[in-house]
Amino acid sequence: MNRNWMAGLLLGLALQSIAATGKQSINLIFVDVDSTPFLVGRGDRVANPPGLAVELIQQAVAAAGYQLQLQRLPQLRMLRALEEGKVDGAFIFSYTPERAQLYVYPMIEGQPDPNFRVTHISYRLYRLKGSRVTWDGQKFEGMAHPVGVNTGWVMANTLRDKGLAVDDGGRGYPENFSKLKLGRISAYATLEPSAESYLKSTGMADQFEKVGPPLQDKDYFLLFSKRFMSESPDVARRIWQMLAQVREKQEAALFQKYEDVAPQ
């Protein structure tokens, strides 16, 4: 798709929104892969219900007094659009120094401010039941094949830094749990709540199991483009502030709401 055409389309949507509502339009993007309960559904459609993280963002933007435009893209295209300032912001992302050079996090004393996170998620290592793969929090054993990680996830580099071979060619749970079942990967490093939801909904919970302690616990954030932060810093800060308030009031109830929502 022509980039100028896409930019014109987004601008047109924003202007139509302002004209219709009198509110500034905030254009945000999130990945087109299912990560229930945080992001529900696949493809460019915003699902109903859309996911815990999406609902928190929707409520925060509305509470801040703005109109929200949502779009879904593959991970790498999404990050490129954010870097180029083609959109206002994107979610949900953990912090890395490399990303902080390209996008804007809510920061305090040189670190991302956890008060303004969208949510907090644990990464866990999954194996086939009966597998010899182990992880004790210090070392891995029984890794005859690479560890699977979703395409574009920072966890791939984290595991490579620990000396492991990584297969990050799979975009989501169906592909990577299939690889694990077929023996193409020895384990799968992924987000615990989303993986549990997927295994429960597909009836495969008895085939796989978590091993060892969490690989990592991370806060996940709504990021803004440098272009948007330069043009509308007060708007960005207000949305982060509203997000903190909405999360404090609504996150527990939303986790309960999404307990029985199946991945799509």
Practice task
Compute the semi-axes of the equivalent ellipsoid of the chain, taking the square root of 5 times each eigenvalue of the Cα gyration tensor, and list them largest first in whole Å.
Solution key: 34, 19, 18
Fill in the blank from the handout: The long-range amide H neighbours of G148, using H built 1.01 Å from N in the peptide plane and a cut-off of under 5 Å, are D167, S186, A187, Y188, A189
Problem - Accessible area (Å², per residue) of segment 134-264, counting only protein heavy atoms and a probe of 1.4 Å - result: 48 Å²
Practice task
Determine the alpha carbon to alpha carbon distance for each of K129/K257; K200/K249; K129/K210; K129/K200; K86/K226; K129/K181 and list only those over 19 Å.
Solution key: K129/K257; K200/K249
Fill in the blank from the handout: Amide H neighbours of F208 at under 5 Å, excluding residues fewer than 5 places away on the same chain, with H built from the backbone geometry, are K129
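Counting trypsin sites (Lys or Arg not before Pro) as exposed when in a DSSP loop with at most 14 other beta carbons within 10 Å, what is the longest stretch of the chain free of them?
Details: sites that count: R45, K129, R132, K139, K162.
Longest gap between qualifying sites, sites excluded: 163-264.
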Completion exercise
Carbon/sulfur accessible area of the chain, % of total, 1.4 Å probe, equals 49 percent
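The values are calculated or read from the model by the stated rules, or taken from the named source; none is laboratory data. Everything numeric here is computed off the predicted structure, so don't read it as measured data. Please note: Cβ atoms are built from the backbone with ideal geometry, for glycine as well, and neighbour counts cover all protein chains shown. For the accessible areas, the whole protein counts, side chains as well, though only heavy atoms, and no ligand, DNA or RNA atoms are used. Shrake-Rupley method; radii C 1.70, N 1.55, O 1.52, S 1.80 Å.
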